[in-house]
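Every number in this text was worked out from the coordinates using simple rules, so none of it is lab data. Owing to the predicted nature of the structure, the values given are computational and were not obtained by experimental measurement. We place every Cβ from the backbone using ideal geometry, glycine too, and count neighbours over all the protein chains shown.
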Number of protein chains: 2
Amino acid sequence: MSNSMFDHKLSGPSLAFQPLYLQVADYIKQLIVERRWVPGEALPSEFRLAEEFNVSQGTVRKALNLLTDDKIVTRRQGVGTFVSEHTAQDALFRFFPLQADGKGADLPKAELLSVELCPAPQDVIDALQLNKKDKVTKLVRRRILDNEFCMSETIYLPQSFFPDIHQSSDIPHTLYHYYQTKFNQTVHKTQDSIKAVLADETDAKLLAIKAGEPLLLVSRITESIEGKRIEYRLSRCRSDHYHYQIELD
Amino acid sequence: MSNSMFDHKLSGPSLAFQPLYLQVADYIKQLIVERRWVPGEALPSEFRLAEEFNVSQGTVRKALNLLTDDKIVTRRQGVGTFVSEHTAQDALFRFFPLQADGKGADLPKAELLSVELCPAPQDVIDALQLNKKDKVTKLVRRRILDNEFCMSETIYLPQSFFPDIHQSSDIPHTLYHYYQTKFNQTVHKTQDSIKAVLADETDAKLLAIKAGEPLLLVSRITESIEGKRIEYRLSRCRSDHYHYQIELD
C-alpha cells in the first residue's frame, strides 16, 4: 500500500475517443506488422484504401501523413506510398549519433569479436522485460570510423525475436537492416541513456587508449514497429575526439 | 582546388518545386516571426485564412498540421489554433534531458552565480557565427535536482538578440520562457554535442564532487524560430547518478 500523494498521476483515465484517421493509421500499421505489405512494397492507392476501409480519401491521406511522419511508410511524389525499408545507410544515419569532432555524420564499420547464446544477465532482463529463464544472443563488436576504433558494443538479442542468430555465419555490419530483412524485426525507435565513465583495462585494450580516460557509456533500448523491446545495447565510446550529436525540437 | 571524388555530394541541386501547403506554412510562420500574432494568441479560422491566402481550406489545414508538428502552433480541439507559448514547464521538459538514475523527468531549479557583459570568446564566436567585436552576456548557473547540484552551466547570449539582459535584476530559472516573453526570441530547437570529460577543481567545488570524476560535457547551440543561433551553452553534468536521456526515431 502506498501513501504517496502523487499516485493519482499514474492512474489517469485513458482517452476513450480516437479520431477516425488514427484508427485507420493503426489499422494500416497493423497490416504492415502482419506483413500484408512488406518493406519496399507499394500500398494500394488512397482511393482504393478509402474504398476498402469505407472512409473518405481525406481520412486515408491524414492516416498516411501520420505514418509518413512516423517513418513507417515513405511517399514518393507522383509514384505512391511504400512500406519503409531500412536501407543500411538510412538506419546508420538515423541511429548512429557518434561523430568525429569537426566532421559530420559518417558511416562506421564494425568488427565482430564474439557471438554466443547465454542466459540473460539481470540488467538485460530489466531493460528488455524478459523472464528469468529467457536466453539472449550476446554480440560483442568494435566500431570503426576513419580507420580508428571509436567504440565497443555489447548487444543482447532475445531468443524469441532472433532465433538461431547465434548460429549465423554472415552477420553484417548493418545490424538494423539485417534484423528487418532476416528476422522481420523493424527498428522503430531507440531510448538512449548517456553517462560518463572511466575506461577500464578492457576498454583500454579494445579501443587502444589508456585506462582512466573518460568515455561515453550509451545504454540503448531498441523498440520495434510492433512496440516490442527487441535489443539492449551498451556502447562505450571514445570521447577524446568523438562526440554524441543530437537535435532536440 | 579539391581532388576529392566525393565533392559532388555537397553540390546537389536544391529542390525547385515547393508544394502550396509548404508555401502557406512558411508564410504563416513568417507572420508569427513578425509578431502579426503573438505567443498565446489565436489564429483566424481555417476558413478565414483560406480566404485571405486564396487557397483551399484543405491546404490551410495541411499547413497548420505541419506547423503543429513543428510546435510553432498548438491546436485545441473545438477551440482553435494558437501561436505556441513556451510555458516554463513545457520548455524544461522539451529541452532538459538530464535525469536522475531510476527516476523520470523532473523540473530542475537554478542558482544564478554571475552575469557579465564581455567580449565573445573564440569558441562562442565559432558556435554562434558572431563577428570578432560582438559582445555577449555570460551567465553562470548551477542546476539543482532533488536538492543536489547536478550540473553547472555557462551560457552565452549575443548582445544583438538580448540587449541589456546583463542589467536585468530578475533573471528567472526558466530562461527559454524568459527569452520568449522578454526578448521575443522563441527557442525552436537545440543541437547538443555530448562528450565525457574529467572534473577539474572548479567542477569539484561547484558540484560538490571530487576532481577526476567523469562528467558529461554538453555543448548546446540553440536556434530560434527565425533560424538564428541565439544561445551557446556549456553544461557540465554529474554522471554518478544522473544520465542524459534521449529518444531517436
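Some points to look at:
- Computed over segment A:88-244: relative contact order in percent, which uses C-alpha pairs under 8 Å that are six or more apart: 24
- Peptide A:184-193 - average C-beta neighbours from other chains (10 Å radius): 3
- Counting only Cβ charges, +1 for Lys and Arg and -1 for Asp and Glu, the dipole size of chain A around its Cα centre is about 280 debye.
- The aspartates and glutamates whose alpha-carbon is closer than 20 Å to the alpha-carbon of B:K132, local same-chain residues fewer than 8 away aside, are B:E116, B:D123, B:D164, B:E231.
- Counting all C-alpha pairs of segment A:161-249, share separated by more than 17 Å (%): 60
- Inter-copy separations for A:V197, label at 7 Å along Cα-Cβ, nm, ascending: 2.2
- Nearest beta carbon of chain A to the A-to-B rotation axis, with distance in whole angstrom: A:A196, 2.
- 12 Å Cα-Cα reach of B:K29 towards aspartates and glutamates, excluding residues that sit fewer than 8 places from it in its own chain: B:D70, B:E226
- Karplus-based coupling profile of segment B:170-176, in residue order and whole Hz: 10, 5, x, 4, 8, 5, 5, with θ = phi - 60° in 6.51 cos²θ - 1.76 cosθ + 1.60 and x standing for Gly or Pro.
- For segment A:17-83, Kirkwood radius (reciprocal of mean inverse C-alpha pair distance, Å): 11.8
- Each residue in A:S45, A:S169 was given a count of other beta-carbon atoms within 10 angstrom of its own, and listing them fewest first yields A:S169, A:S45.
- Per-copy distances of the B:F82 label point, shortest first, in nm (7 angstrom along Cα→Cβ): 4.2
- Residues of segment B:208-249 with amide N under 18 Å of a point placed 7 Å along Cα→Cβ from B:D123: B:212-222, B:230-239
- Degrees between helix B:20-33 axis and first principal axis of chain B (Cα, 0 to 90, nearest 10): 50
- Percent RCO, i.e. relative contact order, over segment A:17-83, from Cα pairs under 8 Å lying at least 6 residues apart: 40
- Mean partner shielding of peptide B:237-246, defined as the number of other chain Cβ atoms within 10 Å of each residue Cβ, is 5.
- Label geometry 7 Å along the beta-carbon vector: B:R35 inter-copy distances in nm: 5.9
- Stretch in chain A that is longest and holds no trypsin sites (Lys or Arg not before Pro) that DSSP places in a loop and that have at most 13 other beta carbons within 10 Å: A:134-209
- Remark: segment B:148-165, residue by residue, has Karplus-estimated 3J(HN,Hα) of 10, 6, 10, 7, 10, 10, 10, 10, 10, 10, x, 4, 4, 8, 10, x, 6, 4 Hz, where x stands for each Gly or Pro and the curve is 6.51 cos²θ - 1.76 cosθ + 1.60 at θ = phi - 60°.
- When the helices of chain A are scored as -39500 (n - 2.57) per DSSP H run of n ≥ 4 and the total is divided over every residue, the value at 222 nm lands at -7500 deg cm²/dmol.
- Backbone HN-Hα couplings from phi across segment B:225-241 [Karplus 6.51/-1.76/1.60, Hz, Gly and Pro as x]: 4, 7, x, 9, 7, 10, 8, 10, 9, 10, 10, 10, 10, 4, 10, 4, 9
- Cα point-scatterer Debye curve for segment A:100-249, base-10 log of I(q)/I(0) at q = 0.19 Å⁻¹: -1.30
- With neighbours defined as other Cβ atoms within 10 Å of a residue's Cβ, the residues B:H173, B:H86 order from fewest to most as B:H173, B:H86.
- 22 Å Cα-Cα threshold exceeded, pairs from A:K138/A:K182; A:K103/B:K71; A:K62/B:K71; B:K71/B:K189: A:K103/B:K71
- Whole-angstrom Cα spans of the protein assembly as shown along principal axes, big to small: 72, 67, 64
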